1. If residue 125 satisfies all but one of (1) within 16 Å of ligand 2 (Cβ to nearest atom); (2) open to solvent by less than 50 Å² (accessible area, probe 1.4 Å); (3) touching a Lys or Arg at 6+ places or on another chain (Cβ under 6 Å); (4) not acidic (Asp, Glu), what's the number of the condition it fails?
2. Name the pairs: first residue in the range 106-133 and part of a loop (DSSP other than H, G, I, E, B) and polar (S, T, N, Q), second residue open to solvent by 10 Å² or more (accessible area, probe 1.4 Å) and more than 7 Å from ligand 1 (Cβ to nearest atom), Cβ to Cβ under 6 Å, at least 6 apart or on different chains?
3. For residue 54, indicate whether it is among the charged types (D, E, K, R), more than 23 Å from residue 172 (Cβ to Cβ) and open to solvent by 60 Å² or more (accessible area, probe 1.4 Å).
4. Where in the range 183-301 are there helices (runs of 4 or more DSSP H), lying fully within it, with 3 or more residues that are surrounded by fewer than 13 Cβ atoms within 10 Å (Cβ to Cβ) and out of contact with any strand residue (DSSP E or B) (no Cβ under 7 Å at 6 or more places or on another chain)?
5. Given the structure, is residue 78 within 24 Å of residue 197 (Cβ to Cβ) and in contact with a Pro (Cβ under 9 Å, 6 or more places away or on another chain)?
6. For the range 342-360, name all the residues that are assigned to a helix (DSSP H, G or I) and under 20 Å from residue 298 (Cβ atoms).
7. Determine, yes or no, whether residue 7 is under 25 Å from residue 141 (Cβ atoms) and open to solvent by 30 Å² or more (accessible area, probe 1.4 Å).
8. For the range 337-345, state whether one or more residues are under 30 Å from residue 114 (Cα atoms), within 23 Å of the chain's Cα centre (by Cα) and surrounded by 14 or more Cβ atoms within 10 Å (Cβ to Cβ).
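The values are calculated or read from the model by the stated rules, or taken from the named source; none is laboratory data. As the structure is a prediction and not an experimental result, all values here were calculated from the model. Ideal geometry is used to build each Cβ from the backbone, glycine not excepted, and the neighbour counts take in all protein chains shown. These accessible areas exclude ligands, DNA and RNA; they are computed on the full protein's heavy atoms, side chains included. Shrake-Rupley method; radii C 1.70, N 1.55, O 1.52, S 1.80 Å.
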Amino acid sequence: MKLAHFDPAQFLATHWQRKPLLIRNPWDDWACPVEADELAGLACEPQVESRLIEQTVDAGWAVEHGPLAEDRFASLGATPWTLLVQAVDHHVPEVAALLAQFRFVPNWRIDDVMVSFASDGGGVGPHFDQYDVFLIQGQGRRRWQIGAACNETSPLLPHGDLKLLRDFVGTEEFVLEPGDMLYVPPGISHNGIAMGDDCMTLSIGFRAPSRAELIGDWSDHLLEDMSDDDRYSDPGLAVQANPGEIGAEALEQLRAMMIEALGDRQRFARWFGAFSSTRKYADIDWRPEEPLGLDDIRDAIGQGLELQRNPASRFAFVREGGDTLVLFVDGETFECSKDTSAIAEAICANDSLTVEVMSDAACELLLELCNMGSLAFLDEDEDA
Ligand code: SIN
Ligand code: CO
């Protein structure tokens, strides 16, 4: 299934982070990549994050968090409901393959695919998200309303678990059919209402760190190895008119001490790579029962086995000039030289690939990544 009738460069230049866009079935041959029963099954699994939202007549919006009991679905009444399951791409290869079509956005900006299944009239209510999202109609139909841009000052309805907008007004409305796609930029309010009992929506979700998160995590990282001896000093101290004044020179020196450490470019790049490649869900464990050795890697390459990325793993790299780059996988850092940078780039660019005979250094890199459970060589009909 290919995103055949869609121009990513054009989309990025005109709509990304700017304005909503309705894209009528851009696929060459749309087929919903997951079934409702499979989704319900995932919602019963303890390691999967899921929610069931019901719009009850007497208690209003009711939210239940998964794992749900297997018989829960049988007891759902006529009130509109929706089931939402996070990171379905981590569990369903066909959904991971769908996500691969959105790699025109860098890996580090991609979050995961949430899938919802709703009964007639079901939805999560009017809200806005902090992130960009592509809402793909998997099956059935949904009416989407788009409203004004919102932010943290927008009034919400009182609800412990849901951030529903109090004053939502839909200014545009679209009915999405299977394969249709609605792009919504961050902050734009939206409301999706299922039409009929078989409405499935797949949300390709992105992420963007907040400044607060960056400053907090980056400074925590710097603090890990800061010396108590690295301190303000003033051998040039002169008598000042008022001892109460914190002088401009002292302030400048203090500020410079801080900015100098916070602004270390190379260290920041390495920290950010590790920080942003940390997994959201660590449960999908692809580690081999017994650690592999170099011979196993060479055998797998020799047999032409497909090398696959664990869908829960995150891969990214930064260049450090010349032939060297630093690869980040699941929060770990790998220095890559001329011998290993080509394979590092290849695994960052492809969810799965077959590799040719390689140098010892490249095999060792693959060995480490396989033993970490971030990569695996798969037999054609074998599941990880
Ligand atoms: C849904 O699938 O019902 C909600 C998706 C969204 O609005 O972000
Ligand atoms: Co939303």
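1. With (1) within 16 Å of ligand 2 (Cβ to nearest atom); (2) open to solvent by less than 50 Å² (accessible area, probe 1.4 Å); (3) touching a Lys or Arg at 6+ places or on another chain (Cβ under 6 Å); (4) not acidic (Asp, Glu) applied to residue 125, the lone miss is (3).
2. 119/80; 119/81; 119/197; 130/186
3. Values: among the charged types (D, E, K, R): yes; more than 23 Å from residue 172 (Cβ to Cβ): yes; open to solvent by 60 Å² or more (accessible area, probe 1.4 Å): no.
For residue 54, the condition - among the charged types (D, E, K, R), more than 23 Å from residue 172 (Cβ to Cβ) and open to solvent by 60 Å² or more (accessible area, probe 1.4 Å) - is not met.
4. Ranges flagged: 211-223, 248-262.
5. Working: within 24 Å of residue 197 (Cβ to Cβ): yes; in contact with a Pro (Cβ under 9 Å, 6 or more places away or on another chain): no.
Spelling it out, it is not the case that residue 78 is within 24 Å of residue 197 (Cβ to Cβ) and in contact with a Pro (Cβ under 9 Å, 6 or more places away or on another chain).
6. Let us first name the residues in the range 342-360 that are assigned to a helix (DSSP H, G or I), namely 342-349, 360.
The answer is 342, 343, 344, 346, 347, 360.
7. The answer is no for residue 7.
8. Our first condition is that a residue be under 30 Å from residue 114 (Cα atoms); within the range 337-345, this holds for 344-345.
Remaining after also requiring within 23 Å of the chain's Cα centre (by Cα): 344-345.
Among the residues that remain, those that are also surrounded by 14 or more Cβ atoms within 10 Å (Cβ to Cβ) are: 344-345.
Scanning the range 337-345, I find at least one residue that is under 30 Å from residue 114 (Cα atoms), within 23 Å of the chain's Cα centre (by Cα) and surrounded by 14 or more Cβ atoms within 10 Å (Cβ to Cβ), so the answer is yes.
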